[in-house]
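Presented below is the structure to which this report refers.
We did not get these values from a lab; they are worked out from the coordinates using the rules stated. These figures come from a predicted structure and were not determined experimentally. Note: ideal-geometry Cβ built from the backbone for every residue, glycine included; neighbour counts use all protein chains shown.
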Amino acid sequence: MFCKYCGAELADTAAFCYKCGKPTTKPESRPPRLRPQAPAEQPRQEPPKYEQPEYEQPRYEQPKEPPRRAPVEPFEPEQEPPRRKGGYIALAVILCVLVIGAIVVLVMAMGILKPTSSDAEASPSPSDVMETQPLESEPPEEDGKPTQTPDQEQSSYPIQLDMDQLLTGRINGTTFREAWEQGWLDEWMNLYVNGSSDGSSPYEAYWYDEGLHEWTYYGITYSQAASAGWGDIWLELLGSRDDDDPDTMDSDYLLPTDSQYIDKSDLAPFTKEEVSLIRNEIYARYGYQFSSQEIQDYFDRQNWYTPVEGLNASTFDTSVFNAYEQANLETILAYEREMGWRQ
């Protein structure tokens, strides 16, 4: 399109001339004239044939099962192969041997352990294994049988008297015990052993046996007399001797348990009753009064014994013992347990 005023070429849609500014008049758009043409024959369209769609019966498809998972086996920890029973048995045997060995070592250590000499002046507290009162032996006549071994019984006295014949025999119609009750047993024994009473006996009445480390009466030990039922007479006979005689058994202790340490070898030569007296000597030195009349009678005959009135099992205090006495008391108790004389 062109401006009719200035002839400028304008866009078909312009409302004003961009040069002169005058409004433009849009030309009428006339459709182009077409030559008349013969109408083209349109092809004859046949109506579409109706074709019935083929009906296919839907096939039944079995629903697919979800894939099966393999079953999960439960987790089991690996089991160790069973051990042989023999291993357990061997282990049990080894443990038993170790336990028994430990017990034996402990018992031996308790028996032989003693304070050193440097501790002798100290005053240690009483041991737990020490008994608070002297354990007095039962009267020997109640035992019913000897408690010594044959070696301990055998004396080196020149002759060995038969105990049954001694107790049943008669001198001038009098038995052993009757002579004792009548007060002439020494003469009776001299007649029985030597055949005379003039005092010229080749066999001594009071004999200290070096092998047994104890006194005998015509070769008869205290244990033999006690087992035969006349231990009280034996103690009376040997306890009534002259205290000024250096050979008398009353002049000293059976063992010096208050001034030196003793061990089990020192106790081995003594009988059960004598070991009991050695143990009770520790208490008797302090004036302890015994409930056993026989033991009390024995210590009453000792020149060193001074009883303290009222000092007995309920009032005695073992803290008065010195280090030697405490250690020796433990040694004696351990020895008596080892010999089966106490629980």
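Below is a table of values for the structure above.
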| read-out | value |
| --- | --- |
| Inter-part distance where the range 289-343 and the range 153-172 are each reduced to a Cα centre, Å | 32 |
| Rounded FRET efficiency, nearest 0.05, which uses the C-beta distance separating Leu167 from Arg337 and R0 of 45 Å | 0.85 |
| HN-Hα J in Hz across the range 214-219 - Karplus 6.51, -1.76, 1.60, θ = phi - 60°, x for Gly and Pro | 7, 7, 10, 10, 6, x |
| Ascending count of other beta-carbon atoms within 10 Å, so fewest first, for Trp304, Trp215 | Trp304, Trp215 |
| Packing-based exposure ordering (other Cβ within 10 Å, fewest first) of Tyr305, Tyr218 | Tyr305, Tyr218 |
| Neighbour-limited loop hits for GluC sites (Glu not before Pro), the range 202-238 (at most 15 other Cβ within 10 Å; DSSP other than H, G, I, E, B) | Glu204, Glu210 |
| Formal net charge of residues neighbouring Tyr157 (Cβ-Cβ distance under 10 Å; K, R +1; D, E -1) | -2 |
| Distance in nm between pseudo-label sites at Leu91 and Asn303 (7 Å out along the Cβ direction from Cα) | 7.1 |
| Cut-off 14 Å between beta-carbons: net charge of the residues surrounding Gly183, Lys and Arg +1, Asp and Glu -1 | -4 |
